[in-house]
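Structure first, then comments.
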Amino acid sequence: MHLARHTTTTLGDSLDSAEVALLPTGSVEQHGPALPLGTDFMAAEAVADAVADRDDVVCLPTLPVGVSEHHRQFDGTLWTDPETFEDYVSDVLSSMASHGVRKAVIVNGHGGNTDAITRAARRLRRNETAFAAPWNWWSNLEGLDAELFGQAGIGHADEVETSMVMHIQGDLVREENLEEAEDGAADSWGKSVHGANVGFDTADFSESGAVGHPTSGSPGAGKQLFEKATDELDALVDWLSETQFEALLPEGHR
């Protein structure tokens, strides 16, 4: 079920069966000239939505703006401070805990959010408020990306993200701009000088804002990536739903 589509009275009845909250998070940031600014939150939202029809799941509204200051030189990028984002995630899941749903998956679509999400999850568990599993939609592809594209890993506005958006929001992909994106793309994330990482912003190492090979993306590959991600999320929810909350809390002092 989707929390925001209920009234307060209809939700109260439905929450009796809810075991796990899903909180989609992402970003509004540049994804080169071919992909939409909302790529990250759209992907997270689509994957979460695919399992939201479970009786034991309540899907929360998406948090679209994330930790994206490193893309600030490109038009349209929005961002918040990591500490603000951490607090926001923690507050939202604390709110759900107050209504009785104390287990959650943070369904994330933006790598820049990972540290803040992990800190929020640690805080919630340490305080015994809730147990939240941080989870990136691409985190357990089990080699599917390498099988599809000949190499593992995810860049930025690359073949993996291009394929995903082609599948979930194909009308938003400017396919005529994919070659431009790739011509100005970096081969890998970051910039190193004598072992020091000096690529603080994407603009330091990518002309187009992309990292990877967006022209290799396809709707068919996106469908396979989407199905793999939703299967993994479904399995994670199974595990959380079946695990007693008390068993997820920190161990006592040794």
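The values are calculated or read from the model by the stated rules, or taken from the named source; none is laboratory data. Keep in mind it's a predicted model, so treat the numbers as computed, not measured. Methodologically, a virtual Cβ is constructed for each residue, glycine included, from the backbone with ideal geometry; neighbour enumeration extends over all protein chains shown. To get the accessible areas, we keep the full protein, side chains included, count just its heavy atoms, and leave off ligands, DNA and RNA. Shrake-Rupley method; radii C 1.70, N 1.55, O 1.52, S 1.80 Å.
Does segment 76-87 contain any residue that is of a type in the set (S, T, N, Q), assigned to a helix (DSSP H, G or I) and over 18 Å from the mean Cα position of the chain (by Cα)?
Within segment 76-87 (the criterion being of a type in the set (S, T, N, Q), assigned to a helix (DSSP H, G or I) and over 18 Å from the mean Cα position of the chain (by Cα)), the answer is no, since none of the residues qualifies.
Taking the condition in a helix (DSSP H, G or I) and either of a type in the set (Gly, Ala, Ser) or in contact with a Gly (Cβ under 9 Å, 6 or more places away or on another chain) (or both), does Ser94 pass?
yes
Give me the pairs, please: first residue somewhere in segment 186-199 and at pLDDT 90 or above and among the charged types (D, E, K, R), second residue anywhere and part of a strand (DSSP E or B) and open to solvent by 100 Å² or more (accessible area, probe 1.4 Å), beta-carbon distance under 9 Å, and either six or more positions apart or on two chains.
Lys191/Asn197
Of everything in segment 1-59 that's charged (D, E, K, R) and within 18 Å of Ser95 (Cβ to Cβ), which residue is least open to solvent (accessible area, probe 1.4 Å)?
Glu19
Within segment 116-129, identify whether any single residue is surrounded by 20 or more Cβ atoms within 10 Å (Cβ to Cβ) and closer than 14 Å to Gly26 by Cβ, and answer yes or no.
Yes, the conditions are met somewhere in segment 116-129.
Which members of segment 204-251 meet the condition of being at positive phi and in contact with a Ser or Thr (Cβ under 7 Å, 6 or more places away or on another chain)?
Matches in segment 204-251: Gly209 only.
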